[in-house]
Amino acid sequence: MTNSPTDRLPSALGQGLRATFAIVRKDLTAEVRSKELVSALLVFSLLVVLIFNFALELDKAARENVAAGVLWVTFTFAGTLGLNRAFAAEKDRGSFDGLLLAPVDRAAIYFGKLIGALIFMLTVEAIVIPVFSLLYNINLFRPLLLLVVLLGTFGYAVVGTLLASMAMHTRARDVMLPILLFPVAIPVIIAAVKASAGILLASDWGEIAPWINLLVVYDTIFIAIAYMVFDYLVEE
Amino acid sequence: MLDFHAVTKTFGLKPVLRGIDLTVAEGEFVALVGPNGAGKTTLLRIAASLSRPTLGRVRVGGYDLPAHADAVRRLLGVVSHLPLLYGDLTADENLRFYGEMYGVSDLRRRSTEVLEQVGLVHRRGDLARTFSRGMIQRLAIARAILHAPQIMLFDEPHTGLDQDAGAMLDTVLKSVAANGRTVLMISHDLPRALALAHRVAILSRGKIVHTAPTAGLDPRAFAQQYDELTH
């Protein structure tokens, strides 16, 4: 029997990390070349922000009250679209089988897809936030608010990546993902909206802190759940 | 090397495989032929650890599936009719990606080696989506042999290829098999299966109905036997 180039394999953890970052790099390289996903998400997000801006025609006080809701509606809709496409493209090309055939822990595949989705969502948000600030005349560049955006997006991507991997096997996957995702993501969406609104309305820390705590707890619980069940979700 | 014992697979209530018994010895090249819907791809996906049998035992390279799926995946190179490649990556980037997934050491040298083997080293910097179907299939083989697997699984690798590309693929397949690898290939193309494999097995309605060594086999008599057994 000939010696295999994999004879000198590093530890399982090292190999898992290497696989995770290989998937992230692959997704980013492909996206930089095709610009399919981010451009679609960006146009969609900006249209949602614009539609809300012109549809609501609010005064300054009312704008501050609804800003957090509009912002998170935009992020969640765009996020769902992005998560769906990230997995649908793998499934349609059949390349998801290529990932599953690799001798790595399934968690490495999950984290690779999660980090990629998170980068795409945060990139879109980084462009939407300044536009939103201009249109609604509200300063969104507050460190605590950006922390909430990060925690909320992370939680949404954690559960979204998990459910997208399940929805991609179904025939009506475009409809299936929101149906599965929105009920499970309600806690993270409510917590993100409440925390963001509290920050924008300059509420007391005592009112904001429980929502930020909820975001942290949600993120922690769902990352653990995803780690445990992803293997079963991708099994045929 | 590959051992299926009483393997059954059902999707819902529909049985797709009904008690498959098949062994592929080390270094042997077996072609599995059969009509559409016979269960060939399902059997291959079970061997590739992408699907679990409903009943029965599968051993690959001495490891039981699905219990030792990770160990089995290290031994396997899989080429399906879908190339499992990324069009927006170059040939080299595709191989580098899969090399990292398999923990291949000295990836640059190994990537060059396999690209030379499939005759694509001059196109290593080109995006995979600019390749013809034949070139894509050769790159898919380069991807599959990158980590020097001991067992190769081919699922209709000639699908969509013209005659020239098919002949070139045959050369690559022969060189893959000549390295002592164990090969299980699914094919619709009887003459090709007989020309490439050491042994041929007919799968019909979820059962292996016939196996025979290809040496000395009369292609016309075999084709007639195939028709009788599958209709």
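The values are calculated or read from the model by the stated rules, or taken from the named source; none is laboratory data. It should be emphasised that the depicted structure is a prediction, and the values quoted were computed from it without experimental measurement. Heads up, the Cβs are rebuilt from the backbone with ideal geometry, glycines too, and the neighbour counts pull from every protein chain shown. In case anyone asks, the SASA skips ligands and DNA or RNA and just uses the protein heavy atoms, side chains included. Shrake-Rupley method; radii C 1.70, N 1.55, O 1.52, S 1.80 Å.
Using θ = phi - 60° and the Karplus curve 6.51 cos²θ - 1.76 cosθ + 1.60, what whole-Hz ³J(HN,Hα) does each residue of the stretch B:144-156 get, with Gly and Pro shown as x?
Each residue's phi maps through the Karplus curve to give 6, 9, 3, 8, 6, x, 8, 10, 10, 10, 10, 10, 6 Hz.
What accessible area per residue comes out for the protein assembly as shown, rounded to a whole number of Å², with a 1.4 Å probe? Working shown, then result.
Details: 20000 Å² over 467 residues.
Using a 1.4 Å probe on heavy atoms only, each residue of the protein assembly as shown averages 43 Å².
What is the magnitude of the charge dipole of the stretch B:1-83 about its Cα centre, with +1 placed on the Cβ of each Lys and Arg, -1 on the Cβ of each Asp and Glu, and no other charges, expressed in debye to the nearest 20?
Result for the stretch B:1-83 is approximately 360 debye, rounded to the nearest 20.
Give the long-range amide H neighbours of residue B:78: residues separated by 5 or more places, or on another chain, with amide H under 5 Å away, using H modelled in the peptide plane at 1.01 Å from N.
B:153
Suppose every K and R has +1 on its Cβ and every D and E has -1 on its Cβ; what is the size of the dipole of the stretch A:5-233 about the Cα centre, in Debye to the nearest 20?
Computed about the Cα centre, the dipole is about 460 debye.
Quick one: work out the % antiparallel among DSSP beta bridges in the protein assembly as shown, nearest 5.
Numbers: 23 of 41 bridges.
Bridges in the protein assembly as shown are about 55 percent antiparallel.
Arranged from highest to lowest average of other beta-carbon atoms within 10 Å per residue, in what order do the peptides A:199-205, A:209-215 appear?
Going by the mean number of other Cβ atoms within 10 Å, highest first, we get A:209-215, A:199-205.
Express the carbon and sulfur contribution to the solvent-accessible surface of chain B as a percent, rounded to the nearest whole number, probe 1.4 angstrom.
Of all accessible area on chain B, carbon and sulfur atoms account for 52 percent.
Averaged over peptide A:102-108, how many Cβ atoms belonging to another chain are found within 10 Å of each residue's Cβ?
Rounded to a whole number, the mean comes out at 5.
Would you mind giving the mean number of other chain beta-carbons within 10 Å of the Cβ of each residue in A:28-34, as a whole number?
4
Using only protein heavy atoms and a 1.4 Å probe, how much accessible area in total is buried between B and A, to the nearest 100 Å²?
Protein heavy atoms only, the B-A interface buries about 3400 Å².
By how many degrees, between 0 and 90 and to the nearest 10, does the Cα long axis of helix B:163-178 differ from the longest principal axis of chain B?
Between the helix axis and the principal axis of chain B, the angle is about 80 degrees.
Compare A:14, A:82, A:155 in a GNM of chain A, Cα atoms joined below 10 Å, and give the one with the largest fluctuation.
Result for chain A, Cα springs under 10 Å: A:14 fluctuates most.
Across peptide A:128-138, how many C-beta atoms of other chains are within 10 Å of each residue C-beta, on average?
0
Measure off 7 Å from each Cα along the Cα-to-Cβ vector at residue B:112 and residue B:71, then give the distance between these two points in nanometres to one decimal.
Between residue B:112 and residue B:71, the label points sit 3.6 nm apart.
Roughly how many percent of the accessible protein surface of the stretch A:5-233 is carbon and sulfur, given a 1.4 Å probe and a whole-percent answer? The partial results should precede the final answer.
On the way: 7140 of 10140 Å².
Carbon and sulfur atoms account for 70 percent of the accessible area of the stretch A:5-233.
What number comes out for the charge environment of residue A:49, summing +1 per Lys or Arg and -1 per Asp or Glu over other residues with Cβ under 13 Å away?
0
What aspartates and glutamates sit close enough to residue A:26 to cross-link, taking a C-alpha to C-alpha distance under 20 Å and skipping anything fewer than 8 places away on the same chain?
A:36, A:90, A:92, A:97, A:105, B:88, B:92, B:93, B:100, B:106, B:126
When the helix-only estimate is applied to chain A (DSSP H runs of n ≥ 4, each -39,500 (n - 2.57), divided by the residue count), what is the mean residue ellipticity at 222 nm, nearest 500 deg cm²/dmol?
So the calculated ellipticity at 222 nm is -29500 deg cm²/dmol.
Tell me which of A:61, A:155, A:16 sits at the most positive position along the dipole axis of chain A, charges placed on C-beta atoms (Lys, Arg +1; Asp, Glu -1).
A:16
What FRET efficiency comes out for residue A:207 versus residue A:147 if R0 is 25 angstrom and r is the Cβ-Cβ distance? Round to the nearest 0.05.
Between residue A:207 and residue A:147 the formula returns 0.95.
Roughly what percent of Cα-Cα pairs across the protein assembly as shown reach past 30 Å?
Working: 56354 of 108811 pairs.
That fraction is 52 percent.
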